[in-house]
Structures are given as C-alpha cells and as structure tokens.
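What follows is a set of notes on a single structure, which appears directly below.
The values are calculated or read from the model by the stated rules, or taken from the named source; none is laboratory data. Quantities reported herein were computed from a predicted structural model and do not represent experimental measurements. Here the Cβ positions follow ideal geometry from the backbone for every residue, glycine too, while neighbour counts run over all protein chains shown. Remember, those area values only see protein heavy atoms, side chains included, never the ligands or the DNA or RNA. Shrake-Rupley method; radii C 1.70, N 1.55, O 1.52, S 1.80 Å.
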Amino acid sequence: MKQRKFMLLFVLLLSVGMVLAACGGSTNEEENAGNDAEGEEKSGDDFSAAMVTDVGGVDDKSFNQSSWEGLKAFGEEHGLEKGKAGFDYAQSESEADYLSNLNRLVKDDFNLIFGIGYKLSDAIKEVASRYEDTNFAIVDSVVEGDNIASITFKEHQGSFLVGVAAALKTETDKVGFVGATESELIEKFEAGFTAGAKSVNKDIDVQVQYAGGFDKADKGKLIASNMYEQGVDVIYHAAGATGNGVFAQAKDIKKNNPEDNVWVIGVDRDQYEEGQIGEDNVTLTSMVKRVDVAVQDLSNKAKEGNFPGGELLEYGLQDEAISVADTNEEAYTEDIAKEVEAWKEKIVNGDVEVPKTRDELKKFVESL
C-alpha cells in the first residue's frame with residue numbers, strides 16, 4: 001500500500017514538473033517573439049510612402065514626374081514594390097481631388113505622404129491635423145505642423161542663370177517667360193529669369209504672360225505662338241504640363257521652317273527630350289530643380305526614424321539641388337556655359353543677391 005502511494009506521488013510530481021517546464025518554454029518563446037516584433041518595428045521594414053500630384057499629373061514631364069522619379073528611386077533602393085505596402089501615388093484630376101486623395105492614402109496606412117505643389121497646402125494642413133500619427137511633406141510651400149515637413153527650393157537662383165543663357169542666345173533681344181499661375185512661387189521664377197537676362201543686357205525686352213493653370217497645354221501653345229510671332233526667340237516656362245504646349249509650338253515652327261531659330265528653356269527637370277524634333281532640338285537648356293533628390297532624401301530620413309516634422313528644408317545652388325542643364329551642347333555653347341558658371345559663382349559667394357519678387361526685381365534692375 002505504501003509503495004502504491006509512493007508511486008502516485010512520484011507521478012504527480014513528474015507531471016507538475018513537465019507542466020512548469022512547458023510554461024517556462026512558452027514564456028521564453030513569447031518574449032522572443034515580442035523582441036522580434038519590436039526589432040521589426042525599429043528597422044522600418046514595413047515603411048511605406050506615397051504622394052499626391054497636383055493637376056499637372058504624374059507624367060507632366062516636369063515637377064510631378066520628377067517627384068515620382070524620386071519616390072520610385074526610394075522604393076527601388078529599399079526593395080519596395082509599387083502599391084499599398086511600398087510606394088505609390090494618387091493623381092489629381094482637379095483641385096477637388098486633393099483632400100480625397102490624401103484621405104485615401106492615410107486609410108491605406110502609408111507612413112509618409114507627400115503633397116506635390118503649393119496648391120495642396122490647405123489640404124495637407126487639414127488632413128495632417130486629423131491624423132497626427134501619419135507624417136506629411138509639402139513640396140514648394142511652407143505649412144506648419146509637428147507632423148509636416150516643408151520642402152522649398154531657391155528657384156530664383158536657377159532662373160537667374162537660365163536668364164543669362166537666354167540673353168546670350170537671343171538674336172532679337174526679345175525673350176519670354178510663360179508662368180502657370182500668378183503666385184508667390186512662380187514670381188520667384190519670373191523675377192530671377194528677368195534679373196539674369198537684364199544682367200547681361202539691361203535693355204533686353206522680357207515679355208511675361210501667365211496661362212492660369214498647370215494643366216493648360218493649349219493655352220501654353222497659344223501664348224508661345226503669339227510671343228514667337230512678336231519676335232521673341234527664347235521662351236522660359238515655369239508652368240508644368242502647360243509648358244508642353246510651349247514645346248509643341250516651338251517644334252511646329254522648327255518643323256515648318258528648319259532655318260528658324262526658336263528656343264525653349266525647360267524647368268524642374270532636364271527637358272531635352274521634349275525638344276527633340278528629327279535631328280534638331282529646340283531645348284536650349286533647363287532649370288533643373290532636383291525635386292527627386294529632395295523626395296528621396298526626406299523619405300530616407302523618415303524611414304530611419306529621423307522625420308524632420310515642423311521643419312523647413314530649403315535646397316539651392318550650394319546644395320547642388322538647383323542646376324542648369326548642358327545636354328544640348330550644340331545650342332548651349334561653351335561660351336554660354338562659361339558665362340553662366342561665372343554668374344553661378346557670384347551667387348554662391350554672395351556677390352549677387354537674386355531677387356525673388358517683382359519689387360526686389362525693380363530695385364535690382366535700377367542698380368545695374
């Protein structure tokens with residue numbers, strides 16, 4: 001009898017020990033799983049980023065396209081795929097789409113969302129205030145908010161340099177500027193371009209006209225047609241997809257009469273390809289604004305946990321985020337390139353303060 005009781009006690013103790021061992025193993029596994037999950041969160045492997053275009057569209061061959069190229073480069077750098085879990089864009093057909101596109105990307109759980117263009121400022125501010133756990137970035141504007149980073153560029157500096165190129169290239173002493181909408185941003189392009197041209201020739205005629213939007217290629221073509229008919233032979237556009245109409249008109253003129261020397265200066269990205277017509281090319285140069293570099297740079301900062309919320313990031317000549325394209329070597333001659341480089345050094349060294357507004361431009365011209 002005693003032996004039977006002893007065996008029962010032994011079996012009971014053995015069972016308890018096995019249960020405790022199992023519980024201990026389960027606890028360790030849960031702790032390890034928790035540590036692994038924490039490590040994944042810190043590594044940023046699940047990070048995703050997206051952007052909302054303005055009405056110019058992701059294939060505007062200018063501002064939006066450059067932004068998308070930067071986001072794609074970020075995705076490729078980290079092995080991400082296009083879609084909800086990686087990188088993506090929402091295209092706006094009208095200004096009414098800004099809010100709905102931003103809200104949709106928030107619901108798709110993107111960690112970082114860019115608004116491309118100053119026209120999205122109000123929408124970014126409204127959505128960011130409602131979703132404080134999501135990071136936002138606005139390009140070409142400044143919007144206050146702890147979860148908003150503002151990206152701007154010194155476009156007036158690059159515009160000054162292509163203004164110098166235009167003044168050196170023109171055969172009629174008449175150059176033109178086509179803007180999208182009259183705004184503080186586009187005024188920087190206009191003021192810088194005019195200042196650069198008049199620094200070479202104070203008496204040069206700079207004609208300025210606005211199309212009223214970034215998606216009005218037909219209006220851009222009509223404006224360019226009128227300018228070229230009035231003797232303008234170099235036109236600089238800061239108009240997004242509207243600028244495609246400027247290129248179209250210059251190519252039509254060149255196609256009908258190859259001896260006519262009409263030129264277009266592109267914007268935001270090197271628009272050499274947009275000026276190609278047969279063996280000729282009407283793109284003199286382009287004011288390159290490396291929006292792609294800024295978008296990729298900020299995306300990496302956010303992925304690494306260093307999102308600059310509430311900060312303003314401004315890129316200029318000194319950062320090599322603003323430059324002048326020299327792709328068309330036949331048109332953008334070595335003499336022009338040397339003169340532009342000389343003016344660039346003056347700007348970077350602080351010897352020339354490029355105007356950003358029409359009021360500053362007036363004082364600048366008076367001082368020449």
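So how much accessible area does Glu132 have, in Å² to the nearest 10, using a 1.4 Å probe?
It works out to around 140 Å².
Rounded to the nearest 0.05, what FRET efficiency do Asn257 and Ser183 have when you use their Cβ-Cβ distance and R0 = 35 Å?
Computed FRET efficiency for Asn257 and Ser183 comes out at 0.45.
Write down, largest first, the equivalent ellipsoid semi-axes of segment 95-189 in whole Å, where each equals the square root of 5 times an eigenvalue of the alpha-carbon gyration tensor.
Taking √(5λ) for each eigenvalue gives 36, 13, 10 Å, largest first.
Roughly how many nanometres apart are two label points built 7 Å out from the Cα toward the Cβ at Lys82 and Asp218?
Taking the simple label geometry, Lys82 and Asp218 are separated by 2.9 nm.
What angle, in degrees between 0 and 90 and rounded to the nearest 10, separates the Cα long axis of helix 291-303 from the longest principal axis of the Cα atoms of the chain?
20 degrees
Which whole-number percent is the relative contact order of segment 227-368 (Cα, under 8 Å, 6+ apart)?
Averaging sequence separation for qualifying contacts and normalising by length gives 16 percent for segment 227-368.
Going toward the positive end of the dipole of the chain, with +1 on Lys and Arg Cβ and -1 on Asp and Glu Cβ, which of Leu298, Gly220, Ile124 do you reach last?
Sorting the options by dipole projection puts first Ile124.
Measuring from centroid to centroid over Cα atoms, what is the spacing of segment 263-327 and segment 124-187 in Å?
When both Cα centres are located, 11 Å separates them.
Provide the per residue accessible area, probe 1.4 Å, for the chain, rounded to a whole number of square angstrom.
I get 49 Å² per residue for the chain.
What ranking of His78, His156 comes out by heavy-atom accessible area, probe 1.4 Å, highest first?
Order by accessible area, largest first: His78, His156.
Cα to Cα, under 12 Å, and not fewer than 8 places away if on the same chain: which aspartates and glutamates meet these conditions relative to Lys289?
Within reach: Asp140, Glu155, Asp268, Asp270, Glu314, Asp319, Glu320.
How high is the relative contact order of segment 96-144, in percent, with contacts defined as C-alpha pairs under 8 Å that are six or more residues apart?
With pairs under 8 Å counted, the relative contact order is 41 percent.
Distance in nm between label sites at Asp319 and Asn226, each 7 Å beyond Cα in the beta-carbon direction?
According to this spin-label approximation, the distance is 3.7 nm.
Using 1/(1 + (r/R0)^6) with R0 = 25 angstrom and r between the beta carbons of Thr333 and Ile277, what's the FRET efficiency to the nearest 0.05?
After rounding, the FRET efficiency stands at 0.80.
Show the residues, 5+ positions off or on another chain, whose built amide H is closer than 5 Å to the amide H of Ala149.
Phe136, Ala137, Ile138, Gly310
Subtract the Cα-Cα distance of Asp122 and Val142 from 0.36 nm times their separation in residues, and report this length gain in nm to one decimal.
Fully extending the segment from Asp122 to Val142 adds 6.2 nm.
Taking a 1.4 Å probe, which of Glu95, Glu304 shows the most accessible area, and what order do the others take after it?
Ranking Glu95, Glu304 by accessible area, largest first, yields Glu304, Glu95.
Which of the trypsin sites (Lys or Arg not before Pro) found in segment 189-281 are in a DSSP loop and have at most 12 neighbouring Cβ atoms, other than their own, within 10 Å?
When the trypsin sites (Lys or Arg not before Pro) of segment 189-281 are filtered for loop state and at most 12 Cβ neighbours within 10 Å, Lys202 remain.
If you take every residue apart from Arg358 with its C-beta less than 12 Å away from the C-beta of Arg358, what net charge results, scoring Lys and Arg +1 and Asp and Glu -1?
-2
Over every pair of different alpha-carbon atoms in segment 162-263, take the mean of 1/r and invert it; report that Kirkwood radius in Å.
One decimal place: 13.3 Å for the Kirkwood radius.
Leaving ligands, DNA and RNA out of it, report the carbon-plus-sulfur percent of the accessible area of the chain at a 1.4 Å probe.
In the chain, the share of accessible area belonging to carbon and sulfur is 45 percent.
Can you give me the angle between helix 334-348 and the longest principal axis of the chain, using Cα atoms only, in degrees from 0 to 90, rounded to the nearest 10?
Between the helix axis and the principal axis of the chain, the angle is about 60 degrees.
At R0 = 25 Å, how high is the FRET efficiency between Val208 and Glu171 if r is their beta carbon distance? Nearest 0.05 is fine.
The computed FRET efficiency comes out at 0.80.
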